[in-house]
Amino acid sequence: MDRKEFLLNLWRKWLKPILMIISVIICVIFVYRVFSENGSQRKISLLVVGIGAVMLIAQMFQTVFEKFITKIKQKLSPSVRYWMSICLMVIDYVAPIILGMMAYHFWKVDWFLTASVLTILIVNQVFKIIKENKVSRAETNQPPQ
């Protein structure tokens, strides 16, 4: 096992699940604090946290059941896959907005923890974009620039 395989293995088996669990714990703490306060921000905060929690849970299920999901996607009809891809694209566009709202509320509580979580999420997105770029280059047989 070389260094790259070791780091990928470490990320998949240990770091990513731990970070997701920490994210869920932070969300629960935030929801508790929202419920303990009274005011007009409470309803908006609950809506934002609810959407964020649903998105986080969906991502956790996606990482855990990735192979199972690909098998199910292959069995679906092309029209259902098309509409699923449209829904996923909409979620990809809405996710940064929800993340920004959650970051604002977390920032009011603890800036260091918020900065750490956002850094990890941004690095994860950068790696995802790099991976997609490599796949698209491999499909078109273009050399790296």
(Q) In whole Å, what are the extents of the chain along the principal axes defined by its C-alpha atoms, from largest to smallest? (A) 57, 42, 30
Q) Going by average Cβ neighbours within 10 Å, how do the peptides 49-58, 72-81 rank, with the highest at the top? A) 49-58, 72-81
Q. Counting Lys and Arg as +1 and Asp and Glu as -1, each charge on the Cβ, what is the dipole of the chain about the Cα centre in debye, to the nearest 20?
A. 360 debye
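With respect to the cross-link table entries K16/K131; K16/K134; K43/K128; K13/K71; K4/K131, which display a Cα-Cα separation exceeding 24 Å?
Those over the limit are K43/K128.
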Q.
Given the -39500 (n - 2.57) contribution per DSSP H run of 4+ residues, what per-residue ellipticity at 222 nm results for the chain, rounded to the nearest 500 deg cm²/dmol?
A. -30000 deg cm²/dmol
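Which helices count as membrane-span-like in the chain under these terms: full DSSP H, at least 18 Å along the axis by C-alpha, Kyte-Doolittle mean of 1.6 or more? Mind dumping the intermediate values first?
Working: long enough: 16-36 (30 Å, 2.13); 41-64 (34 Å, 1.28); 78-109 (46 Å, 1.03); 111-140 (43 Å, 0.57).
Going by DSSP H runs, the hits are 16-36.
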(Q) If you consider only alpha-carbon coordinates, what radius of gyration and Dmax does the stretch 61-101 have, in Å? (A) 12.5, 37
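Bear in mind that the values in this text are calculations on the coordinates, not laboratory data. Note that the structure is a prediction, hence the values are computed from the model and not measured. When we count neighbours, we look across all protein chains shown, and the Cβ atoms used for this are built from the backbone with ideal geometry, even at glycine.
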